[in-house]
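Engineer: Before we start, here is the structure in question, set down as structure tokens.
The values are calculated or read from the model by the stated rules, or taken from the named source; none is laboratory data. The structure presented is a predicted model; accordingly, all values stated were derived computationally and were not measured. So basically every Cβ, Gly included, is an ideal-geometry build from the backbone, and we count neighbours across all protein chains shown. Protein only, heavy atoms only, side chains kept; ligands, DNA and RNA dropped before computing areas. Shrake-Rupley method; radii C 1.70, N 1.55, O 1.52, S 1.80 Å.
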Amino acid sequence: MADGVDDGEFYLRYYVGHKGKFGHEFLEFEFRPDGKLRYANNSNYKNDTMIRKEIFLTPSVLKECRRIVADSEIMKEDDNNWPEPDRVGRQELEIVMGNEHISFTTSKIGSLMDVQTSKDPEGLRIFYYLVQDLKCFVFSLISLHFKIKPI
Amino acid sequence: MANAEAEAVDFEPEEDDLMDEDVGDGSPNRATLPRLKSAITGGGSSTAPKKTKGRGFRDEAAAEADRNARMSAPFDSLDSEGGPGPERSIEGWIILVTGVHEEAQEDDLQNAFGDFGEIKNLHLNLDRRTGFVKGYALIEFEKFEEAQRAIREMDGTELLTQTINVDWAFSKGPFRRRNVRRRSPRGHRSRSPRRRF
């Protein structure tokens with residue numbers, strides 16, 4: 001079992017976005033230590049409006065989120081060899097787990113090709129899949145609770 | 001070091017909750033927005049400073065300003081009276097099942113949970129890398145009693161040789177954070193000095 005699964009603080013924030021022709025388009029969600037999940041999705045494409053939702057999660061849900069993070073072993077990685085955020089976009093992943101606090105930034109990842117041709121394919125792959133797994137989790141929670149399609 | 005005390009000490013929410021913001025408040029009150037560091041460390045926890053890593057710490061001021069701008073507007077939620085206890089979702093009650101076997105199929109969950117009531121929604125998400133079940137499922141029942149029975153009767157039982165846990169997914173309010181720091185030093189009466197490991 002990876003470190004920190006049941007100990008101490010837990011906080012997670014993920015952001016992906018870019019500023020472009022249709023304004024600042026972004027997706028962001030945040031698991032806060034008191035159980036609040038905040039979700040925001042903004043796009044001005046075809047005049048879509050901002051979606052902002054929040055809901056309190058039970059400790060069981062936070063614990064499962066921690067498990068997903070711990071199993072990924074993302075806390076062992078480092079972003080120093082990952083592509084820097086650029087015009088095309090930016091991703092941010094910030095996690096506090098136990099006594100470790102990571103705050104990674106990188107560009108948008110289009111596909112596994114981008115991962116494989118990067119300078120740190122192993123680490124970036126872990127990031128890539130963790131983000132997908134977290135999105136799945138968050139989208140399920142939000143769509144079930146609010147009965148909306150969150151994207 | 002063995003953690004001799006089993007009890008967890010809770011912060012009083014009024015004293016300590018940097019997270020509290022009124023939903024729909026409308027006014028981005030900068031003072032109530034948690035600064036990232038203090039929010040995460042719970043405002044004065046005595047845990048050791050965290051080991052930090054990553055480029056995100058570089059431009060902290062600019063990034064934080066951006067982030068606060070994004071997070072400062074009101075977020076929608078369903079009306080709730082706050083406080084502890086499960087929260088109803090738009091059309092029903094959602095429970096979380098964890099410890100789900102990686103080869104589980106929706107049918108397995110239907111069979112295990114279908115007795116408690118009609119399952120209105122079932123999300124059994126897959127691990128995006130392996131294609132196996134990620135390990136959790138979200139199940140919606142229309143009635144509170146159905147969900148409650150499912151939790152009571154299935155939590156800690158076995159599904160496909162693995163122990164599952166079942167609990168509510170959503171809560172009406174924040175839960176008290178457990179923290180390593182002790183404020184009330186002794187839960188028991190002995191006057192002998194604490195053992196130090």
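Engineer: Kindly list the number of the only condition in (1) more than 30 Å from residue B:142 (Cα to Cα); (2) free of Cβ contacts under 8 Å to residues at least 12 places away in the same chain; (3) more than 9 Å from chain A (Cβ to nearest Cβ) that fails for residue B:72.
Structural biologist: Only one criterion in (1) more than 30 Å from residue B:142 (Cα to Cα); (2) free of Cβ contacts under 8 Å to residues at least 12 places away in the same chain; (3) more than 9 Å from chain A (Cβ to nearest Cβ) is unmet by residue B:72, namely (2).
Engineer: On to the next question. Give just the number: which of (1) more than 10 Å from chain B (Cβ to nearest Cβ); (2) buried (at least 16 other Cβ atoms within 10 Å of the Cβ) does residue A:56 not satisfy?
Structural biologist: (1)
Engineer: Within region B:125-147, track down each residue that is touching a strand residue (DSSP E or B) at 6+ places or on another chain (Cβ under 8 Å) and open to solvent by 20 Å² or more (accessible area, probe 1.4 Å). Let's see the steps before the verdict.
Structural biologist: First, pick out the residues of region B:125-147 that are touching a strand residue (DSSP E or B) at 6+ places or on another chain (Cβ under 8 Å): B:125-127, B:132-144, B:146-147.
The answer is B:125, B:126, B:127, B:132, B:134, B:142, B:143, B:144, B:146.
Engineer: Which ones in region A:83-125 are open to solvent by less than 10 Å² (accessible area, probe 1.4 Å), of a type in the set (Val, Ile, Thr) and in contact (Cβ under 8 Å) with a residue 40 or more places away in the chain?
Structural biologist: Listed by number, the residues that qualify are A:95, A:96.
Engineer: I'd like to know if region A:133-147 contains one or more residues that are assigned to a loop (DSSP other than H, G, I, E, B) and surrounded by fewer than 21 Cβ atoms within 10 Å (Cβ to Cβ).
Structural biologist: yes
Engineer: Keeping to region A:58-110, report how many residues are touching a Leu at 6+ places or on another chain (Cβ under 8 Å) and part of a helix (DSSP H, G or I).
Structural biologist: 8
Engineer: Right, here's the next one. Being open to solvent by 40 Å² or more (accessible area, probe 1.4 Å), assigned to a helix (DSSP H, G or I) and modelled with pLDDT under 80 is the filter here, so list the residues in region B:66-106 that pass it.
Structural biologist: Listed by number, the residues that qualify are B:66, B:69.
Condition check ((1) open to solvent by 20 Å² or more (accessible area, probe 1.4 Å); (2) under 23 Å from residue A:110 (Cα atoms); (3) modelled with pLDDT under 95; (4) touching a Gly at 6+ places or on another chain (Cβ under 9 Å)) across all residues:
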| residue | (1), (2), (3), (4) |
| --- | --- |
| A:24 | yes, yes, yes, yes |
| A:31 | no, no, no, no |
| A:46 | yes, yes, yes, no |
| A:62 | no, no, no, yes |
| A:71 | yes, no, no, yes |
| A:81 | yes, yes, no, yes |
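Engineer: Okay, next question. Test of understanding: among B:114, B:131, which residue is away from every other protein chain (no Cβ under 11 Å), part of a loop (DSSP other than H, G, I, E, B) and modelled with pLDDT of 95 or more? Talk me through it step by step, then tell me what you get.
Structural biologist: Values: B:114 fails: part of a loop (DSSP other than H, G, I, E, B).
The unique qualifying residue is B:131.
Engineer: For residue A:111, are the conditions met, namely being over 15 Å from the mean Cα position of the chain (by Cα), under 23 Å from residue B:76 (Cβ atoms) and away from chain B (no Cβ under 12 Å)? It would help to see each step written out before you state the result.
Structural biologist: On the way: over 15 Å from the mean Cα position of the chain (by Cα): yes; under 23 Å from residue B:76 (Cβ atoms): no; away from chain B (no Cβ under 12 Å): yes.
For residue A:111, the condition - over 15 Å from the mean Cα position of the chain (by Cα), under 23 Å from residue B:76 (Cβ atoms) and away from chain B (no Cβ under 12 Å) - is not met.
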